[in-house]
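This report refers to the structure that appears directly beneath it.
The values are calculated or read from the model by the stated rules, or taken from the named source; none is laboratory data. In this text, all values refer to a predicted model and were calculated from it rather than measured experimentally. So basically every Cβ, Gly included, is an ideal-geometry build from the backbone, and we count neighbours across all protein chains shown. Side chains included, ligands, DNA and RNA excluded: accessible areas come from the protein's heavy atoms. Shrake-Rupley method; radii C 1.70, N 1.55, O 1.52, S 1.80 Å.
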Amino acid sequence: MGVMLLLTSVLLSSYVGSQTGADAQSMFTIRSISLSLEPRDDVPRDTNVTVRCGAVVSSVEHQPLSREYTIYKDGVTIYSKTTSSPEDLLYPLSQARVSHTGKYKCRISIEGKSLSSESHRLTVTGLSTPVLLVEQTKLREGEELKASCSAPGETGSIIFYFFEDLKEKREERVNLDRVEVTFPLSGPGQHTIECSYMVLIPPDKRASEKSNSVPVSVRELSITPVLDIFPQYKVYEGDQLTLFCKFKDIYDHVDPVHVYLSQGTKLLKSGQNEVNHTMKVLAEDPAEFECRLEMGKVVKAETKAIPVTELFSVPTLTMFPVEVFQKEPMKLVCKSETFASERLSKEDLTYAIDPTPFHLVERSSGEFFGKALSLEFSYTCLASAKEIVKQSKTLTVRPKVSVSIPKISIKGESKPIIGRPFRIQCKSDNGSLPINYTLLQDFMPVSSVIVRSDSEEALFNVTVHRPKDIQMFMCEASNSRREGLLSPKLQTTVVEPVSHPLLTVIPTLPEITEGSDLLFICSVMGTPPVTFKLYRVGFDKALFDRTSYENYTSFEIHGLGKDHSGTYYFQATNPATNFVSSEPVNIEVRLALWKKIVIGGFCLLALSVLVVVCVLCFKSHRGKKEGASELSVKPARPKSDVSLTVNLTHITAISDTPTATRAVDRTTISVWTERPPQASEETSVVSNEPDVEYTEVVHPRSADPPRAPLKKGTETVYSELQNSPHGEADHHPYGSVEYADLNGEQPDINHYPPEVNHHYHHHELPVPVD
C-alpha cells in the first residue's frame, strides 16, 4: 500500500513538472524591442553617447524572466548581458570617437524566444590633431631618423603617414593610437618632418589634419669619390684605357669604404678604398664610366664619359637583286661605310661571310657572287681590322619560288548556269607570294586579283550567255616581272536553262480514235538531265514524272477510251531550277474506225438494197408502157440466189462532233443478180448483143469539210443490167448481171462511156419479165 502511494506521488509530481514547463512557454510574450542612440545619432567627438535597448514583454504577474541582451555594431557583437530586470539595457560610449561610427542593433532572447530591433547609425565627427615626436633633430649623413606619431584618444584601425619636405616617406598601419618608425632622409641639408593619420570606418575612412612640423638638419660627410682615366682625349677603337677609382678627405668616419668601378651596367671592378682597371675600348661599348663608394648607408658616385672614335663602322650586308628566285644568280655585298683614315687604310679592312658559303665566291673585296639556294639561308658579314672584328646584322635570304602554271576551275560544286553569275577560281600549286592572277576572256584581261597570304583566294565573278563562252576563259599568274604563265582554257559543262517546251502528239489529232495508242513526245531546249512531268488539266497528280538524260522523253497511253479526252500539257526543269510549261493540247478521242466501217457498211447495204428495189420497180413500170414495141422477150430462167458485193475503196471519218457529217468518197458499189428464166414467148427478132438496162438512182451526198468542198444537189447512180437471152443466142458465160456505180462525183450524161451511150440511145431495152 505504501509502495502504491509512493508511485502515485512520483507520477503526480512528474505530471505537475511537465505542465509547469509547458505553461512557462505560454506565460509570456515579447511584444517589441527598440534601440535608440542618446543624445542623438550625429554627435561630435568626445560626446558621451548611450545606446539604449528596450523591450516590451507581457508575462504573468510576479513571474521573473531571464532576459539576454546583445548589442551589435556593423553585424559584430560588441556587448552582451543577461538580466531579469524589466528595465532598459544601457550601453555607454564615453567620449565617442570616429571609430564608434557605425550601425547598431539590439537583440533580446527569453527562454528560446528572441526578437531584434531595427538598425540605427551613429555618426561621430572630428579627429584629434596628431602629435609628431623625433628623437634627434641633428643627424650625420647616412644616419636614420627615429620618429613617432600619435592620435590622442582615437581607436580602431589607424594608418599613420610620415612626410619629409611634404613628400611621403613612410606608411604604417596599426590598431593603436600611436606608432614609432625609423627611416633615412634624402641627403644633407635642412628637412621638415610631419605626420598624419587616417581612421578606417568600413566602407569609409576619415583623414586627420597634419601634425606639428619638426625641423631636422643633416650634416654631409667629408668623403668624395675620385675617378681618373688615361688617356682622356683622342681615344680610338682598340686603344688601351687605364681607370682608377678611389676616395679622399676622410675625417670623421670609422666604417670601411667600398668602391665600385663600372662601365654602363657592366661592373668592371670592386674593392675597398681603391681599385684600377685596364681595357681595350670599342666604339659600340658604353662611353660612360662610374666610380661609386658606399659607407654604411652613405652612397656617393662620380661619373665620366670618354668619347671613342670609331676605327671603322659596323658593316652592312645587302643582296642584289632585292628579290631572287631559286637557282637564280645573286650577289652579296659586305661593306663598312666609314673608317678612320688617320689610323686605318682601306686595304686594312677585310670581309668575310659567316657561315662560310659553299655556293658563293668573293670576286672583289666584300662582294660575293653565286646562285640562290632552294631554301632560305641566313648570312652574316664580318669586317676585321687591327684585331677588331665587327659583325653586321643577319640577312636572311628567302629565295622566291617561281609561280607554276595556274589552274582554272569553277568555285563550288554546282555547274555554271547561263545568264547567272558564278565564280571562277585561279590557283597555282607553287609560287611565292604575292601572286598576281588575271582572268582573261578570249585573251583579253577581264579582272586582276593579288593574293598576298595563304588564306586569300583569287576569285572572279563572271556571267556567260552562250555555252561556248565558258571555253574562252583563261588564267594568268605572275609573281615577278617576267611574263606570266597561262592556264589551259576552262573546260566545264554549262547548264542551259530549259526553254521552248514543245508537246507533240502521235497520231495527229483528227486520227485519235478509241482503242488506238496515243504517244506524247515532250521536248525542250536546255542541258540534261531534264525532269518532265505530264499533267492533265483538272488533275493535280502528274500522269508521269521522269528524269531524262536527253532533252526529250515520251509517254504512251494504250487503248484509248472516251474518258481520255481532255487538255494535256507538261512541265520541265533541269539543274538550272527553272520551270517551263508547254502549250496545252486538246485531245478528243473519236469513234473507232471499225465501228465507223460497220455503221457505214450497214448504211451502204441498206442503200444498195434500196437501189435494187428502185431499179426493179422502175423496170417493171417501164416494161408495162413499152410492151408492144419490144424486139424480143427473153425466156424465163429458173430462180437463183441473189448475191450482193459491196466494194468500199476509201472511207474517212472527218469529225466526231455533233454537227459533223460522214462522207463516202469515191465509193464504187456493184450489184449483180441472175435473172430468173422468163416464161414468156420469144420475140421474132433476136439480138446477138446482151440486153442492157440502165437505171438512174438518185441519193443524197454528204459533205466532207476537211477534204472536199460541200456540193449541193444530188448524185446520180447508174445501174447497168445486162440480160442474156435465154438459149443459144447468149454468147456470155455469165448470167444476167446488174452493176450499180455509186461514185462520189455527180457525172454529166455526156460523160458516160461510148458503149453505154450507144446502147442507151440506139437499142430498145427488153421488157423485164416479172
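Listed values, structure above:
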{"quantity": "Accessible surface of the stretch 251-331, 1.4 Å probe, proportion on carbon and sulfur as whole %", "calculated": "51"}
{"quantity": "J(HN,Hα) series, the stretch 473-484, from Karplus relation 6.51 cos²θ - 1.76 cosθ + 1.60, nearest Hz, glycine and proline x", "calculated": "8, 9, 10, 10, 10, 8, 10, 8, 7, 6, 5, x"}
{"quantity": "Inter-centroid distance (Cα atoms) of the stretch 333-396 relative to the stretch 251-318, Å", "calculated": "33"}
{"quantity": "Residue-normalised accessible area of the stretch 71-208, expressed per residue, 1.4 Å probe, Å²", "calculated": "52"}
{"quantity": "Cα centroid of the stretch 130-157 to Cα centroid of the stretch 208-229, whole Å", "calculated": "17"}
{"quantity": "Whether the stretch 264-418 is rounded, prolate or oblate, judged on the alpha carbon gyration tensor where a/c under 1.5 counts as rounded", "calculated": "oblate"}
{"quantity": "Reach of Lys596 by Cα under 21 Å, taken over lysines that are not fewer than 8 positions away in the same chain", "calculated": "Lys562"}
{"quantity": "Amide H partners (placed H, <5 Å) of Thr573, local residues excluded", "calculated": "Thr531"}
{"quantity": "By average C-beta atoms within 10 angstrom, highest first, the peptides 544-550, 288-294, 48-54", "calculated": "288-294, 48-54, 544-550"}
{"quantity": "Gain on full stretching of the segment that runs from Glu511 to Lys138 - 0.36 nm per residue minus C-alpha separation", "calculated": "120.4 nm"}
{"quantity": "Descending semi-axes in whole angstrom, ellipsoid equivalent of the stretch 422-542, from the Cα gyration tensor", "calculated": "52, 14, 10"}
{"quantity": "Reference-scaled alpha-carbon Rg (2.2 N^0.38 Å with N residues) for the stretch 489-563", "calculated": "1.37"}
{"quantity": "Cβ-Cβ FRET estimate between Thr504 and Leu375, R0 fixed at 56 Å, reported to 0.05", "calculated": "0.20"}
{"quantity": "Calculated from backbone phi, Karplus (6.51, -1.76, 1.60) coupling profile of the stretch 345-357 in Hz, x at Gly/Pro", "calculated": "9, 5, 6, 6, 8, 10, 10, 8, 9, 10, x, 4, x"}
{"quantity": "Pairs beyond 18 Å (Cα-Cα), from Lys234/Lys280; Lys327/Lys407; Lys269/Lys390; Lys266/Lys297; Lys103/Lys205", "calculated": "Lys327/Lys407; Lys269/Lys390; Lys266/Lys297"}
{"quantity": "Accessible surface of the stretch 45-106, 1.4 Å probe, proportion on carbon and sulfur as whole %", "calculated": "45"}
{"quantity": "Nearby lysines by direct alpha-carbon distance to Lys210 (threshold 21 angstrom, same-chain neighbours under 8 apart not counted)", "calculated": "Lys146, Lys167, Lys169"}
